[in-house]
Amino acid sequence: MGARMSRLERYLLRHLLAGVATVALVMAALVIFVNLLGQIENLDDTRFGPLQLLAYVSLRLPAFLFQTIPIAALLGALLGLGSLAAQRELIAMQALGLPMWRMLRVVILAALMIGASAWVLGDVLGPPAESMARQMRDAQRLTGRVARVADQVWLRDANTFVRVDRLLNARLLRGVEILEFADDGALRQVVRAPRAVVEPDGWLLFDAQGTRFDAAGATDFRQPQGVWPLRIEPHLVEVLAVRAETLTLRELWQQKQFLSDNGLESEPFGTLFWTRLVLPVSILPMLLLALPLILGSLRDSSMVRRVVVGVLIGAAYYLINLTFSGGGVVLGLPNWVSAWLPTLALGLFAGWQLRRVQA
């Protein structure tokens, strides 16, 4: 057999990808249904109509699918390869001269294709869709109090309007402009500051400069540091702050570096960066594990048993991954170590199972 894929390999690849696609579609339908039920309970709070609610849930779908795609890959591989094993087609393929290394090549190619799809979901479609979903929710829940234009946010406190270029977290703001009006609508003063921190008694502005307007004319002023007595609730700023889920990998890394350089909490951004980077890679050991399971202990098993085994393995991996990503700081592990450990352990386990099948 040559270096190119044979007909048997293409047949095996089609069944493998078809199984994964089927499971992914089923999981997508379940995610939409469950989230629709969950959001219906909060319908009065969000003020969504039926079509808006469906759009909101659909926008959040890529992020949900991205998180579950390793489990979908394992279940789909068990179903796709399991159907071939149940009809003795895998045995026939081996009898026709399809060695294990050729099967492994098919699995690796499938993992690359599914991993690329996962990257598109997690880093291309997911962040902007999640950002749009949050903007829909905020626009409905905070009508009249806030407006968002791209990354900029406009807030209102009585006769004072505040523009924020970017809410870096619940307390740190970048690029603040405050416009204060009199009761008759006349502009009283404009204040600009490159950075501000939300405090309980107001906003702490750094390097502020502005202009006051009165009957005598306009007066410029500068203030290196001072608290501006804005009565905008801190929880409102927290709701509108940048969420790590709405950022791409590059933006996550930049945000992490910026917060670290300013002595602020950057752990959530670093954890999510490495978790999202590793997740597409985890698809490979998931698919490699499906091969020995089908060729070994699950060859003559029913579809129900294969699904149960896949769900148990996927759930165990998800819980271990969640424990390490959330508890890496407690264990004293760097973010990248706690993110890679579960996937490396899964890869070693899959390699051990493959050696047992080949022995």
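Any read-out appearing in this document is the output of simple, stated calculations on the displayed coordinates, not a laboratory observation. The structure presented is a predicted model; accordingly, all values stated were derived computationally and were not measured. Every residue, glycine as well, gets a Cβ built from its backbone with ideal geometry; the counts of neighbours run over all protein chains shown.
For residue 21 and residue 124 in one chain, what is 0.36 nm times their gap in residues minus the Cα-Cα distance, to one decimal in nm? Extra length available between residue 21 and residue 124 comes to 35.1 nm. Across the options 230, 215, 204, the greatest Cα extent toward the positive end of the charge dipole of region 152-240 (unit charges at beta carbon of Lys, Arg, Asp, Glu) belongs to 204. The packing ranking of peptides 116-124, 59-67, highest mean first, is 59-67, 116-124, where packing means the average number of other beta carbon atoms within 10 angstrom of each residue.
Specify the inter-centroid distance of region 335-355 and region 58-93, based on alpha-carbon positions, in whole Å. Centre-to-centre distance over Cα atoms comes out at 19 Å. Here region 175-199 is scanned for amide nitrogen atoms under 18 Å from the site 7 Å beyond the Cα of residue 212 along Cα-to-Cβ, giving 178-183, 186-193. Pair-distance distribution of region 152-240: all C-alpha pairs, bin width 5 Å, starting at 0; shares per bin in whole percent are 3, 14, 26, 27, 17, 9, 3, 1, 0. The residue 257 and residue 92 beta-carbon pair, evaluated with R₀ = 51 Å, returns a calculated FRET efficiency of approximately 0.40.
Here the extension length gained between residue 152 and residue 165 equals 4.2 nm, from 0.36 nm per residue of separation less the Cα-Cα distance. Averaging Cα coordinates gives a centre for region 179-219 and one for region 275-293; these two points are 55 Å apart.
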